[in-house]
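*Asks:* There's a structure below that I have some questions on.
The values are calculated or read from the model by the stated rules, or taken from the named source; none is laboratory data. Treat the numbers as computed from the prediction; the structure is a model and nothing was measured. Cβ placement follows ideal geometry from the backbone for every residue including glycine, while neighbour counts extend to all protein chains displayed.
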C-alpha cells in the first residue's frame with residue numbers, strides 16, 4: 001500500500017482535491033484524508049479543528065456553514081466536500097481518518113451511497129477518544145474495515161484487539177519493534193507504518209517487510225517502491241537505525 005498522507009502536500013495544499021489528484025496521478029494506490037463536519041452538517045476534508053494553520057482563519061470548521069466555508073478561497077484552493085472526493089475517485093482505496101465522533105455515521109452513509117466505496121475504505125481515528133469511536137463503528141457496522149493507529153511503545157492489549165477486531169495495524173515507525181509488528185503480521189494483521197519523513201526511513205520500512213507505508217512525499221515513496229521491486233532495498237540497513 002502506497003498511502004498518500006493528505007494527498008501530495010509537498011506540491012499542493014493538503015486535503016484538497018488538487019493534492020489528492022496529484023497523488024493518484026503519480027501512482028499512489030491509497031489516499032489518506034481527514035473528515036470533519038460543518039455547522040450545517042456537510043462533511044469536509046480538514047485535519048485541524050480550525051482553519052488557522054492552512055487558511056489563516058481562526059474559526060472552527062464546526063462553527064461555519066458550507067456557504068461560509070466556501071468563501072475561504074486561498075491561492076485557488078478550497079476545502080473540499082467529501083462527496084466531491086467520492087465522485088472523483090471511484091476506484092481508489094481510502095484511508096479515512098474520522099476526526100470527530102459526529103462525522104462517523106454521516107461518513108459511513110455517504111460511502112454506502114457510492115458503489116463499493118465503503119468496501120474500499122479503511123477507517124482510523126488518530127485522536128484522543130478515537131478508539132471509542134472505532135469501537136462504536138465496529139458495533140454498528142460489523143463489516144467495516146478498521147485500522148488501529150498506534151503510538152505506544154508496547155503491543156496493543158488483547159482485549160482491545162478482541163473488541164475492535166481491526167484488520168489493519170498502523171504503528172508509528174519509531175515504535176514498530178516495541179509494538180510487535182512481526183508478531184502482528186504473523187497473526188494475520190496487515191501493517192502499515194508512517195508517516196515517514198525521509199528516504200532512509202522508507203527504505204528501512206520496505207526492508208522490514210511492512211504491507212504499507214504512509215508518506216508525505218509520495219513521489220519519493222513510489223520511486224523507492226519501484227526500486228524495491230527491481231532489486232534489494234536498504235542493503236545493510238537495519239531496524240535499529242530507523243525511527
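*Asks:* Please find, among 214, 202, 191, the residue that is at pLDDT below 95 and closer than 23 Å to residue 33 by Cα. Talk me through it step by step, then tell me what you get.
*Replies:* Details: 214 fails: at pLDDT below 95; 191 fails: at pLDDT below 95.
Answer to the check: 202.
*Asks:* Then there is this: Report, ordered by the first and then the second residue, all pairs with beta carbons closer than 6 Å, sequence separation of six or more or different chains, a first member in the range 24-35 that is at positive phi and touching a residue at least 60 places away in the same chain (Cβ under 8 Å), and a second member that is surrounded by fewer than 23 Cβ atoms within 10 Å (Cβ to Cβ) and not in a strand (DSSP E or B).
*Replies:* Close Cβ pairs (under 6 Å, with a partner that is surrounded by fewer than 23 Cβ atoms within 10 Å (Cβ to Cβ) and not in a strand (DSSP E or B)) amount to 27/222.
*Asks:* I need the full set of residues from the range 96-119 which are buried (at least 18 other Cβ atoms within 10 Å of the Cβ) and closer than 20 Å to residue 29 by Cβ, in order please. Step through it out loud before you land on a result.
*Replies:* Taking the range 96-119 as the starting set, the residues that turn out to be buried (at least 18 other Cβ atoms within 10 Å of the Cβ) are 96-100, 103-104, 107-108, 110-111, 117-118.
96, 97, 111, 117, 118 - these are the residues of the range 96-119 that are buried (at least 18 other Cβ atoms within 10 Å of the Cβ) and closer than 20 Å to residue 29 by Cβ.
*Asks:* Here's something else I'd like to know. Being assigned to a helix (DSSP H, G or I) and more than 22 Å from residue 136 (Cβ to Cβ) is true for just one of 67, 107. Which residue is that?
*Replies:* Numbers: 107 fails: more than 22 Å from residue 136 (Cβ to Cβ).
Answer to the selection: 67.
*Asks:* Additional query: Enumerate the pairs (first residue in the range 192-212 and on the phi > 0 side of the Ramachandran plot and touching a residue at least 40 places away in the same chain (Cβ under 8 Å); second residue anywhere and assigned to a helix (DSSP H, G or I) and buried (at least 21 other Cβ atoms within 10 Å of the Cβ)) with beta-carbon separation below 8 Å, excluding pairs fewer than 6 apart on the same chain, so at least 6 apart or on different chains.
*Replies:* Between residues of the range 192-212 that are on the phi > 0 side of the Ramachandran plot and touching a residue at least 40 places away in the same chain (Cβ under 8 Å) and residues that are assigned to a helix (DSSP H, G or I) and buried (at least 21 other Cβ atoms within 10 Å of the Cβ), the close pairs are 194/173; 194/205.
*Asks:* Next question, about the same structure. For the range 9-46, what are the residues that are under 19 Å from residue 110 (Cα atoms) and in a loop (DSSP other than H, G, I, E, B)?
*Replies:* Step one: filter the range 9-46 for residues under 19 Å from residue 110 (Cα atoms), giving 15-17, 20, 30-46.
Result: 15, 16, 38, 39, 40, 41, 42, 46.
*Asks:* Being under 18 Å from residue 125 (Cα atoms) and surrounded by fewer than 24 Cβ atoms within 10 Å (Cβ to Cβ) is the filter here, so list the residues in the range 15-30 that pass it. Break it down into steps so the answer makes sense when it comes.
*Replies:* Within the range 15-30, the first condition is being under 18 Å from residue 125 (Cα atoms), and the residues that meet it are 15, 30.
30, the sole residue that qualifies.
*Asks:* Let me ask another. Here's a check for you: in the range 226-243, which residue that is closer than 18 Å to residue 181 by Cβ and surrounded by 11 or more Cβ atoms within 10 Å (Cβ to Cβ) is modelled with the highest pLDDT? Before the answer, list the steps.
*Replies:* Within the range 226-243, the subset closer than 18 Å to residue 181 by Cβ is 228, 233-234, 237-243.
Those still in the list that are surrounded by 11 or more Cβ atoms within 10 Å (Cβ to Cβ) too: 228, 233-234, 237, 239, 241-243.
On the way: 228: 81, 233: 45, 234: 45, 237: 41, 239: 47, 241: 34, 242: 37, 243: 34.
Step by step, filter the range 226-243, then rank; the result is 228.
*Asks:* For the range 95-109, does any single residue satisfy the condition of being under 20 Å from residue 218 (Cα atoms) and touching a helix residue (DSSP H, G or I) at 6+ places or on another chain (Cβ under 9 Å)?
*Replies:* First, pick out the residues of the range 95-109 that are under 20 Å from residue 218 (Cα atoms): 95-97.
Next, only the ones that are touching a helix residue (DSSP H, G or I) at 6+ places or on another chain (Cβ under 9 Å) stay: 96-97.
There is at least one residue in the range 95-109 that is under 20 Å from residue 218 (Cα atoms) and touching a helix residue (DSSP H, G or I) at 6+ places or on another chain (Cβ under 9 Å).
*Asks:* If you don't mind, there's one more thing I want to ask. I'm trying to understand the selection: among the residues of the range 70-95, which are surrounded by 14 or more Cβ atoms within 10 Å (Cβ to Cβ) and in a helix (DSSP H, G or I)?
*Replies:* Hits for the range 70-95 are 70, 82, 83, 84, 85, 86.
*Asks:* Residue 166 is checked against (1) loosely packed, with under 14 Cβ neighbours inside 10 Å; (2) more than 27 Å from residue 198 (Cα to Cα); (3) touching a strand residue (DSSP E or B) at 6+ places or on another chain (Cβ under 9 Å) and fails just one. What number does that condition carry?
*Replies:* Here residue 166 clears every test but (1).
*Asks:* Confirm whether residue 171 is in contact with a helix residue (DSSP H, G or I) (Cβ under 8 Å, 6 or more places away or on another chain) and crowded, with 21+ Cβ neighbours inside 10 Å. If you could, list the steps in order and put the result at the bottom.
*Replies:* Working: in contact with a helix residue (DSSP H, G or I) (Cβ under 8 Å, 6 or more places away or on another chain): yes; crowded, with 21+ Cβ neighbours inside 10 Å: yes.
Here the answer is yes, as residue 171 does meet what is asked.
*Asks:* A follow-up question, please. Taking residue 58 and the conditions (1) surrounded by 13 or more Cβ atoms within 10 Å (Cβ to Cβ); (2) not in a helix (DSSP H, G or I), which numbered condition does it fall short on, given that it satisfies the others?
*Replies:* The single condition residue 58 does not satisfy is (1).
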